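For reference, the structure is listed below as structure tokens.
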Amino acid sequence: LRFKELTRIKLNSADDILRQIELPIIGQIYKSNKKIETVVTQHPRSHITESFRRLRTSLNYFMNNDDCNIAMLTSTISGEGKSFVSVNLALSIANANIKCLLIGTDLRKPKLYENLNIKPGPGLSDFLSRQATLPEVIQKTSTEHLDLIWAGVKPPNPGELIVESRIEEMLNELRQEYQYIIIDTAPIGILADASCFLNLADLKIFVTRINHT
């Protein structure tokens, strides 16, 4: 058992994280056995939805409630639940009658957010390449108080489009319209794209997954 523990390379519990870094764990999300992504909407009384409510409450300890708050979510690799957490956290915030915007910024692997019932249209890549204006890329979702900017069609030069100055300009404008902005980034352990959001977000949330990370 001791040898097995010494050779283990995946996180097995929250204690594994606390032994390695001196950063707070702001929430723990139950494993979802549902076959849908938007569990907060489809299963409002479930344990997993309640864990997202607790996560939403925890944000208040790290955010300034008088201003627009921007939180970025990233992870080491794909498959750790980053987008799942981003979507349901945004839904939980919107369900509390707080105006929220979800932005998908993984231009290399654009997420469609199909369960939010949005229409195909211009996205972040179109705005960054100056082919669409900011109002043109903001879509209303089927959830009141929640809007979305999806990543858009994969561009030929995703790394070059993610320029911090252009992103900062966009976020400064969006701060005037929303109370919360949730940024679903690319995995920071693989790509450098997410790094430009580190100086722009008020809170950086690193998503890990037990027995996967």
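The values are calculated or read from the model by the stated rules, or taken from the named source; none is laboratory data. Computed from a prediction, not measured in an experiment: that's the story for all the values here. Here the Cβ is made from the backbone with ideal geometry for all residues, glycine too, and neighbour counts use every protein chain on show. Note: accessible area is taken over every heavy atom of the protein model, side chains too, but ligands, DNA and RNA are not part of it. Shrake-Rupley method; radii C 1.70, N 1.55, O 1.52, S 1.80 Å.
For (1) over 22 Å from Ile29 (Cα atoms); (2) among the small types (Gly, Ala, Ser); (3) in a strand (DSSP E or B), each residue gets a yes or a no:
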residue	(1), (2), (3)
Ser165	yes, yes, no
Glu173	yes, no, no
Glu177	yes, no, no
Ala186	no, yes, no
Cys196	yes, no, no
Leu200	yes, no, no
Among the residues listed as Thr57, Thr41, the single one being in a helix (DSSP H, G or I) and farther than 25 Å from Lys111 by Cα: Thr57
Does region 112-121 hold any residues that are over 18 Å from Met72 (Cβ atoms) and either open to solvent by less than 30 Å² (accessible area, probe 1.4 Å) or not aliphatic (A, V, I, L, M) (or both), and which are they? Glu114, Asn115, Leu116, Asn117, Lys119, Pro120, Gly121
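Residue-by-condition table, conditions (1) farther than 19 Å from Val207 by Cα; (2) buried (at least 19 other Cβ atoms within 10 Å of the Cβ); (3) of a type in the set (A, V, I, L, M, F, W, C):
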residue: Glu50; (1), (2), (3): no, no, no
residue: Thr76; (1), (2), (3): no, no, no
residue: Ser83; (1), (2), (3): no, yes, no
residue: Ser92; (1), (2), (3): no, yes, no
residue: Asp106; (1), (2), (3): no, yes, no
residue: Pro110; (1), (2), (3): no, yes, no
residue: Gly123; (1), (2), (3): yes, yes, no
residue: Lys140; (1), (2), (3): yes, no, no
Against the conditions (1) under 14 Å from the mean Cα position of the chain (by Cα); (2) open to solvent by 50 Å² or more (accessible area, probe 1.4 Å); (3) free of Cβ contacts under 8 Å to residues at least 60 places away in the same chain, where does Asn157 fall short? Just the number, please. (1)
Candidate set from region 160-204 (those that are over 22 Å from Tyr113 (Cα atoms) and either in contact with a Cys (Cβ under 6 Å, 6 or more places away or on another chain) or without any contact (Cβ under 8 Å) to a residue 12 or more places away in the chain (or both)); member that is surrounded by the fewest Cβ atoms within 10 Å (Cβ to Cβ): Ser165
